[in-house]
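Student: This is the structure I want to talk about, given as structure tokens.
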Amino acid sequence: MTRAEVTADRSTVAGAARTVVKVGSSSLTQRGRIDPSRIDALVDALAARRAAGQQVVLVSSGAIAAGIAPLGLKARPRDLATQQAAAGVGQLLLIERYASSFARHGLTVGQVLLTADDLHRRGTYRNAVRTLERLLALGVIPIVNENDTVATHEIRFGDNDRLAALVAHLVLADALVLLSDIDGLYTSDPRKPGAVLIESVSDHAALAAVRLAGSSSSVGTGGMATKLDAAQIATGAGIPVLLTSATSVGAGLAGTGGTFFPPTGRRTASRLFWLRHATTPRGRLELDAGAVAAIVVRRKSLLPAGIVAVSGDFAAGDPVEIAGPDGAIVARGLVAFDSEDLPGLLGKSTGDLPEEFRREAVHRDDLIVL
């Protein structure tokens, strides 16, 4: 891709009517405390975006980091209970500082705390959509963070990158800007001589090559792996992504600098996107070759007759992964039976099943081929 093409594509970021911006803990805090100057610099750039008539959703990390010093801790806590306590203290301080900073521009903020489980469940997923849309309609800047006070395994570095990609699809954003302490994606560790900034990653194949080449360098620096995951999720759903540093947020919102990821796919229906990216399988169905062909090639529903094995503990309506005879995952779907009922139905045609079980194991409308 030529420099001219990169510049032209980047204009979609500058002109985006609705942009999701994600910022990490290291860009907001120093020595376990919120850095007001960093917050103000970020807010000034986002406020300028709003003044131009464009909507912004901010996905902000920093709750745990902001609670370290106020609790008298020496470093980020390792145990879950203290992490949650730090988040309880830090999230309050963080949102207060954001509210004060945005108020300088006459803007109101709204806090939206989510856990991965909120986006795994279809009902709360839809509730989150309604809440965010209403906040935006009222002229409010939504500030989204993972609810680390109650999260368990979800608390891990970089998770908010993936959350930002999910939120970008959730609010039908026109662009996603990921802010880091590094000004883009490099060919190798940017702290070492010879590293070159990658201006654009054009497609999924190029992204896969970058991930492989950087597995021991740039991908492992500053949570870059999670940012590449987020970029792949967003661009695959038709949303352009720009990765740059928090200190270059103004230039990033203008579409300059950093690394640009143009869309690689089209926007998908929210239900299918939710199935693919916002669900955690509760179990696994193993199919025979005929059933794989039926759901993958002919796009049919999955019947109990084609299932050869079941594992996991799930209830009707839960997401499950679907594998072929070789063990490769071919699809994901919402199963129509409890895990305790399904084994007795395997290999039987629909007519041979008791009347109350005469239905698809996974309906084609509840199934996404991977």
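Student: I'd like the FRET efficiency for Asp181 and Arg364, computed as 1/(1 + (r/R0)^6) with the beta carbon distance as r and R0 of 51 Å, rounded to 0.05.
Tutor: 0.70
Student: Output the peptides 57-64, 165-172 sorted from most to least packed, where packing is the average of other Cβ atoms within 10 Å over each peptide's residues.
Tutor: 57-64, 165-172
Student: Let me ask you something else. Going 7 Å from the Cα of Ser202 along its beta-carbon direction, which residues of the stretch 243-268 have the amide nitrogen within less than 17 Å of the resulting point?
Tutor: 259-265
Student: About the Cα centre, and with charges only on the beta carbon of Lys, Arg (+1) and Asp, Glu (-1), how big is the dipole of the chain? Nearest 20 debye, please.
Tutor: Rounded to the nearest 20 debye, it is 940 debye.
Student: Where a ≥ b ≥ c are the square roots of the eigenvalues of the C-alpha gyration tensor, would you call the stretch 281-369 rounded, which needs a/c under 1.5, or, failing that, prolate if a/b is larger than b/c, or oblate?
Tutor: rounded
Student: Only sites in a loop by DSSP and with at most 11 other Cβ atoms within 10 Å count here; which trypsin sites (Lys or Arg not before Pro) in the stretch 44-125 make the cut?
Tutor: Qualifying residues, ordered by number: Lys74, Arg78, Arg104.
Student: Going by how many other Cβ atoms sit within 10 Å of their own, how do Leu370, Leu179, Leu272 line up, fewest first?
Tutor: Leu370, Leu272, Leu179
Student: Same structure again: Stretched out fully, how many nm does the piece from Ala17 to Asp326 gain, at 0.36 nm a residue minus the Cα gap?
Tutor: Here the segment from Ala17 to Asp326 would lengthen by 106.7 nm.
Student: So, one more: So for the stretch 3-268: antiparallel DSSP bridges make up what percent, rounded to the nearest 5?
Tutor: 20
Student: Continuing with the same structure: What does the C-alpha gyration tensor say about the overall shape of the chain? Classify as rounded when a/c is under 1.5, otherwise prolate if a/b is larger than b/c, or oblate.
Tutor: Judged from the Cα gyration tensor, the chain comes out prolate (a/c at least 1.5, a/b above b/c).
Student: Return a whole-number percent for the relative contact order of the chain, with Cα pairs under 8 Å and 6 or more residues apart as the contact set.
Tutor: 15
Student: Something else about it: On a full-extension model of 0.36 nm per residue, what is the gain between Val150 and Arg78, subtracting their alpha-carbon distance, rounded to one decimal in nm?
Tutor: Fully extending the segment from Val150 to Arg78 adds 24.4 nm.
Student: Over all distinct alpha-carbon pairs, what is the Kirkwood Rh of the stretch 1-153 in angstrom?
Tutor: Evaluated on the stretch 1-153, it is 16.7 Å.
Student: With a 10 Å Cβ neighbour count serving as the proxy for reagent exposure, in which order, fewest first, do Asp174, Asp365, Asp44 appear?
Tutor: Asp365, Asp44, Asp174
Student: Could you give the nm distance between label points at Ala52 and Ser100, where each point is 7 Å from its Cα heading toward the beta carbon?
Tutor: For Ala52 paired with Ser100, the spin-label model returns 2.9 nm.
Read-outs: derived from the displayed coordinates by stated rules, not from any lab. Being a predicted model, the structure only gives us computed values, none of them experimental. Please note: Cβ atoms are built from the backbone with ideal geometry, for glycine as well, and neighbour counts cover all protein chains shown.
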